[in-house]
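The values are calculated or read from the model by the stated rules, or taken from the named source; none is laboratory data. Since this is a predicted model, take the numbers as computed values, not measurements. Neighbour counts run over all protein chains shown; Cβ positions are idealised from the backbone, glycine included. Just so you know, the surface numbers come from the protein's heavy atoms only, side chains and all, with ligands and any DNA or RNA stripped out. Shrake-Rupley method; radii C 1.70, N 1.55, O 1.52, S 1.80 Å.
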Amino acid sequence: MKSVFLTTFGCQMNKADSELSLGLLLERGYRLAGDESAADVVLFNTCSVRQRAEDRVYSRLSQLKARKTRRPDLVIGVLGCVAQKEGEEIFRRYPHVDMVCGTRMFDKLPELLERLGSNGGHLLAVSDEKVVSYPRRRPPRENPHQAYITVMRGCDNYCSYCIVPHVRGPEISRTVEEIVEEAQSLVNEGCKEITLLGQNINTYGKTLEKGTNLATLLRAVSKVEGLERIRFVTSHPKDMTIEVLEAMAELPRVCKHLHMPAQSGSDRILEGMERGHTAQHYLELIRLARKLVPDIAIASDFIVGFPGETEEDFEATVRLMEAARFQNSYVFKYSPRPGTKASELLDNVPLELKKERNQRLLDVQSHISLEENKKRVGQIVEVLVEGPSKSNKKRLTGRTPQNQIVVFEGPSTIKGELVKVKIEEVTSLTLFGRLVA
Ligand code: SAH
Ligand code: SF4
Ligand code: F3S
């Protein structure tokens, strides 16, 4: 029985794909290795969204070279977005890699490994075929109370900086029926919270029958017996609809949390990014969201140092962040991705300035997060218990429907339960409280 170890880089979509891949391999008789050095098959599910994400994969591949020389029957496989993007090139740079498997071949993984056998070699499996559904066997999960369901694949947006549409292909949605069935089977196994995944989830249903959209999907999944919480990511401001906000307001199981990246607060930069929205449209949208869905939390992503970003553009981003009062924001330094439209523009903001703007934006956000979190002191919040806190194993951690992290004391037996916690103290990232009966 061969053992396998898979490391995942990148977004939730990749985590979900990794689960599916491992599920398939376990079914074929593989077992999970405790760590990479003990595995017969070492796999990487990779991300190419920024150069740094790719470099992390390359450095791990370099590290494995000596081991492969000592143990030629070791199988090394590169899966996912970097595999799709680089293909053959990976074999040229890292001849000790045996298999490169793109973003649309996960379901073939057991056959591919079989074909490789113990002789190794260079097996390239990259296709442009449209595949929407994969078998949904899952390996035993560390936290069976939470799960991802990929509801659509690919992206049609082609934001000018972004590699995702190039490596994930055109957008295609799974049927409501199939998603509901998967949700039900997860709930039957003890799942309480499901996160629906799509790169641009607001256009869910575009490739399906007319009238099928994210709002109808949320309503359908809400009917799954026993499911306590539903989340969905990622929202795109240009495709967000009133129907979705109304569904959020109306359906108690849908968490009042929106991850809706603004990317920039400067209309000039937003145009260069080909985002299809302005700063004003964005702010109006979140005003509407807050009106229709009381207590909604909004999170954003930002890119600093996009080609041509001036101090003035950056100030506009700071202003948007201050006006929007996000619960939290992820900030990224622009990284040119070969093959994207923006990569043809001069990457003219120096790295030092990108770093500085990145930090300034994080500081502004941190200040807002702290102020917003302080408003929670004294409130009783609902928490889905995830397990022991990383920083202090004696305490438990979980999340509110708004996706805030809560740390509190309690018995480990309540993992996976929904409990009430009274908030007593806060930082910009965490709420601390005490269990209430
Ligand atoms: N589909 C999602 C996630 C895309 S990738 C969405 O549209 O929001 C996650 C984040 O990475 C993006 O929101 C963006 O902020 C950032 N990102 C994407 N490409 C990038 C690049 N070339 N350089 C820096 N950040 C990037
Ligand atoms: Fe990339 Fe834009 Fe698609 Fe998100 S919506 S994956 S940022 S192209
Ligand atoms: Fe990265 Fe691919 Fe996700 S590029 S962000 S792992 S879709």
Are any residues in region 148-174 among the charged types (D, E, K, R), over 10 Å from residue 198 (Cα atoms) and under 15 Å from the mean Cα position of the chain (by Cα), and if so, which ones? 168
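Which ones in region 44-67 are open to solvent by 30 Å² or more (accessible area, probe 1.4 Å) and of a type outside the set (Asp, Glu)? Walk me through it before giving the result.
Kept after step one, since they are open to solvent by 30 Å² or more (accessible area, probe 1.4 Å), are these residues of region 44-67: 49-52, 55-56, 59-60, 62-63, 65-67.
If the condition is that a residue be open to solvent by 30 Å² or more (accessible area, probe 1.4 Å) and of a type outside the set (Asp, Glu), then 49, 50, 51, 52, 56, 59, 60, 62, 63, 65, 66, 67 are the ones that fit.
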Of all residues in region 128-175 being of a type in the set (A, V, I, L, M, F, W, C) and either surrounded by fewer than 20 Cβ atoms within 10 Å (Cβ to Cβ) or in a loop (DSSP other than H, G, I, E, B) (or both), which is farthest from ligand 1 (Cβ to nearest atom)? 131
Any chance region 234-242 includes a residue that's of a type outside the set (Ser, Thr, Tyr), part of a strand (DSSP E or B), open to solvent by less than 10 Å² (accessible area, probe 1.4 Å) and within 16 Å of ligand 1 (Cβ to nearest atom)? no
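When the residues of region 270-279 are filtered to those that are touching a helix residue (DSSP H, G or I) at 6+ places or on another chain (Cβ under 8 Å) and open to solvent by 20 Å² or more (accessible area, probe 1.4 Å), which remaining residue is farthest from ligand 2 (Cβ to nearest atom)? Full working, then the answer.
Our first condition is that a residue be touching a helix residue (DSSP H, G or I) at 6+ places or on another chain (Cβ under 8 Å); within region 270-279, this holds for 270, 272-273, 277-279.
Next, from what is left, pick out any that are open to solvent by 20 Å² or more (accessible area, probe 1.4 Å): 272, 278.
Working: 272: 13, 278: 16 Å.
The extreme case among them is 278.
Here's the yes/no breakdown for (1) open to solvent by less than 60 Å² (accessible area, probe 1.4 Å); (2) more than 16 Å from ligand 1 (Cβ to nearest atom); (3) under 18 Å from residue 297 (Cβ atoms):
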| site | (1), (2), (3) |
| --- | --- |
| 321 | yes, no, yes |
| 360 | no, yes, no |
| 372 | yes, yes, yes |
| 379 | no, yes, yes |
| 403 | yes, no, yes |
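Only one of 329, 343 is outside the structural domain of residue 408 (by TED's automatic domain parsing), of a type in the set (Gly, Ala, Ser), open to solvent by less than 50 Å² (accessible area, probe 1.4 Å) and assigned to a helix (DSSP H, G or I). Can you tell me which? Break it down into steps so the answer makes sense when it comes.
Values: 329 fails: assigned to a helix (DSSP H, G or I).
Unique residue meeting the criteria: 343.
Quick grid of which residues meet (1) within 15 Å of ligand 1 (Cβ to nearest atom); (2) not acidic (Asp, Glu):
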residue	(1), (2)
294	no, yes
297	no, yes
308	yes, yes
311	no, no
340	yes, yes
363	no, no
385	no, yes
394	no, yes
Checking residue 208 against (1) away from ligand 2 (no atom under 16 Å from the Cβ); (2) surrounded by 19 or more Cβ atoms within 10 Å (Cβ to Cβ); (3) hydrophobic (A, V, I, L, M, F, W, C), only one condition comes out false. Which one? (2)
Take the residues of region 304-319 that are assigned to a loop (DSSP other than H, G, I, E, B) and not small (Gly, Ala, Ser): which is surrounded by the fewest Cβ atoms within 10 Å (Cβ to Cβ)? 310
Confirm whether residue 371 is part of a strand (DSSP E or B) and among the charged types (D, E, K, R). no
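Kindly evaluate residue 298 against the criterion of being in a strand (DSSP E or B) and either in contact with a helix residue (DSSP H, G or I) (Cβ under 9 Å, 6 or more places away or on another chain) or closer than 28 Å to residue 216 by Cα (or both).
Numbers: in a strand (DSSP E or B): yes; either in contact with a helix residue (DSSP H, G or I) (Cβ under 9 Å, 6 or more places away or on another chain) or closer than 28 Å to residue 216 by Cα (or both): yes.
The answer is yes for residue 298.
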Members of region 87-115 found to be open to solvent by 50 Å² or more (accessible area, probe 1.4 Å) and either in the same structural domain as residue 338 (by TED's automatic domain parsing) or closer than 23 Å to residue 50 by Cβ (or both), listed by number: 88, 89, 92, 93
Right, residue 66: part of a helix (DSSP H, G or I), more than 18 Å from residue 123 (Cβ to Cβ) and without any contact (Cβ under 8 Å) to a residue 24 or more places away in the chain or not? yes
Of the conditions (1) assigned to a loop (DSSP other than H, G, I, E, B); (2) in contact (Cβ under 8 Å) with a residue 40 or more places away in the chain; (3) in contact with a Ser or Thr (Cβ under 9 Å, 6 or more places away or on another chain), residue 224 fails just one. Which one is it? (3)
Within region 1-43, work out how many residues are open to solvent by 10 Å² or more (accessible area, probe 1.4 Å) and more than 16 Å from ligand 3 (Cβ to nearest atom). 19
Return the residue satisfying two criteria in turn: it lies in region 243-269 and is out of contact with any helix residue (DSSP H, G or I) (no Cβ under 7 Å at 6 or more places or on another chain) and assigned to a helix (DSSP H, G or I), and of such residues it is farthest from ligand 2 (Cβ to nearest atom). 250
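Taking the conditions exactly as written (of a type in the set (S, T, N, Q), farther than 26 Å from residue 192 by Cβ and touching a helix residue (DSSP H, G or I) at 6+ places or on another chain (Cβ under 7 Å)), does residue 235 satisfy them or not?
Details: of a type in the set (S, T, N, Q): yes; farther than 26 Å from residue 192 by Cβ: no; touching a helix residue (DSSP H, G or I) at 6+ places or on another chain (Cβ under 7 Å): yes.
Answer is no for this residue.
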